[in-house]
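*Asks:* Below: one structure in structure tokens.
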Amino acid sequence: MDKVCKICGSQDYRHYLKFKDKGREIVACSDCKTFRTMPYFEMDYRDQKLYCEHYIKNEDNFRDFAKVLLEAVKRHRQKGRLLDIGCAVGFLMEEAMREGFEAEGIELNEKAVNIASSKGLNVKKCTLQRSGYEKNIFDVVILNHVLEHIIEPNRFMQDLRTILKDTGILVIGVPNHGSLVAGLFRRQWYGWGIPEHIWHFDRESFANLLYNNSFKVKEMVQNSQYYLFSKSFRKNSIGVVAKIGNALGLGDQLIAVVEKA
């Protein structure tokens, strides 16, 4: 049932925010404190036409995001076999290969897979569960702004453990609702991602999910995504507050570097 938290199993929650989108709302689990969207919506990304255009149009920004993630990776691993889950058109893979990693990816969107493959990148069109990877083969696994879309986070985290080497690291980026911009702009914050985002984390709930799935946090970075300036005063205002939050240590993104406990 939708009211059951798929992270801890509790049916107790409190209401936090309501949206006009088909009566959806954000609720906070009374036990594990994780926020989630109710009712959740399972997006089919396989044929989303605008998915690739978004990445291609903003290539410079997404390459910058990739470099930030790779900086976190390189503080702990300098080489090895790297998997990017939800790799889109392959910008992070390309940047990782420039840094000397053996990079590959998995992606659901058919057009994105075709674009990445046309560049000679090694990309599988499948879910992680259907990827067929053997146990303990990756030195680095990256999961950037994907976890919030996953219906069964615990099962997914265990699948990640399976393919990660005992000496490997997992790098996960998620939006952070415990941020300045999320607190001030409430429903207008991009990170709620209604209706696509199912789960919503802050430092505590994110760390608890990792700990309860037998991962040890080596580093957790809190920063802000780069907001593109536009003709919209509201969007520009959100971008400015996000940058202020970043400077104050209250950024709206969390990046965790973890290893098997």
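*Asks:* Evaluate region 148-160: report whether one residue or more is under 20 Å from Met97 (Cα atoms) and charged (D, E, K, R).
*Replies:* no
*Asks:* Regarding Leu164, is this residue out of contact with any Lys or Arg (no Cβ under 7 Å at 6 or more places or on another chain) and buried (at least 17 other Cβ atoms within 10 Å of the Cβ)? First the steps, then the outcome.
*Replies:* On the way: out of contact with any Lys or Arg (no Cβ under 7 Å at 6 or more places or on another chain): no; buried (at least 17 other Cβ atoms within 10 Å of the Cβ): yes.
Considered against the rule, which asks whether it is out of contact with any Lys or Arg (no Cβ under 7 Å at 6 or more places or on another chain) and buried (at least 17 other Cβ atoms within 10 Å of the Cβ), Leu164 comes out as no.
*Asks:* Can you find even one residue in region 221-229 that is farther than 25 Å from Arg24 by Cα and touching an Asp or Glu at 6+ places or on another chain (Cβ under 6 Å)?
*Replies:* Looking through region 221-229, at least one residue is farther than 25 Å from Arg24 by Cα and touching an Asp or Glu at 6+ places or on another chain (Cβ under 6 Å).
Per-residue answers, yes or no, for (1) in a loop (DSSP other than H, G, I, E, B); (2) over 27 Å from Met38 (Cβ atoms):
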{"position": "Leu170", "(1), (2)": "no, yes"}
{"position": "Arg186", "(1), (2)": "no, no"}
{"position": "His200", "(1), (2)": "no, no"}
{"position": "Leu209", "(1), (2)": "no, no"}
{"position": "Gln225", "(1), (2)": "yes, no"}
{"position": "Ser237", "(1), (2)": "no, yes"}
{"position": "Ala242", "(1), (2)": "no, no"}
{"position": "Asn246", "(1), (2)": "no, yes"}
{"position": "Val258", "(1), (2)": "no, yes"}
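*Asks:* Next up: Taking region 147-168, which residues are in a helix (DSSP H, G or I) and either of a type in the set (Gly, Ala, Ser) or within 13 Å of Ser224 (Cβ to Cβ) (or both)? Break it down into steps so the answer makes sense when it comes.
*Replies:* Taking region 147-168 first, the residues in a helix (DSSP H, G or I) are 147-149, 153-163.
Result: no residue meets the conditions.
*Asks:* Please state which one of Ile137, Ile194, Ile172 is under 18 Å from the mean Cα position of the chain (by Cα), within 20 Å of Cys87 (Cα to Cα) and either surrounded by fewer than 21 Cβ atoms within 10 Å (Cβ to Cβ) or touching a residue at least 60 places away in the same chain (Cβ under 8 Å) (or both).
*Replies:* Ile172
Residues are listed down the side, and each one gets a yes or a no for (1) of a type outside the set (S, T, N, Q); (2) more than 24 Å from Gly249 (Cβ to Cβ); (3) at pLDDT 95 or above:
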| residue | (1), (2), (3) |
| --- | --- |
| Lys125 | yes, yes, yes |
| Met157 | yes, yes, yes |
| Ile172 | yes, no, yes |
| Val181 | yes, no, no |
| Glu204 | yes, no, yes |
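*Asks:* Another question, if that's okay. Looking only at residues in region 244-261 that are surrounded by fewer than 16 Cβ atoms within 10 Å (Cβ to Cβ), out of contact with any strand residue (DSSP E or B) (no Cβ under 7 Å at 6 or more places or on another chain) and touching a residue at least 12 places away in the same chain (Cβ under 8 Å), which one is farthest from Leu210 (Cα to Cα)?
*Replies:* So the residue we want is Ile244.
*Asks:* Filter region 138-153 for residues that are of a type in the set (D, E, K, R) and out of contact with any Leu (no Cβ under 8 Å at 6 or more places or on another chain) and give the result. Lay out the reasoning, then the answer.
*Replies:* So in region 138-153, the residues of a type in the set (D, E, K, R) come out as 139, 148, 152.
Matches in region 138-153: Glu148, Glu152.
*Asks:* Suppose we keep only residues that are basic (Lys, Arg) and within 24 Å of Ile56 (Cβ to Cβ) within region 118-134. Which one would you say is surrounded by the fewest Cβ atoms within 10 Å (Cβ to Cβ)?
*Replies:* In this case the residue turns out to be Lys119.
The values are calculated or read from the model by the stated rules, or taken from the named source; none is laboratory data. Everything numeric in this text was worked out from a predicted model, so none of it was measured. Don't worry about glycine lacking a Cβ; one is built from the backbone with ideal geometry, like all the others, and counts go over all protein chains shown.
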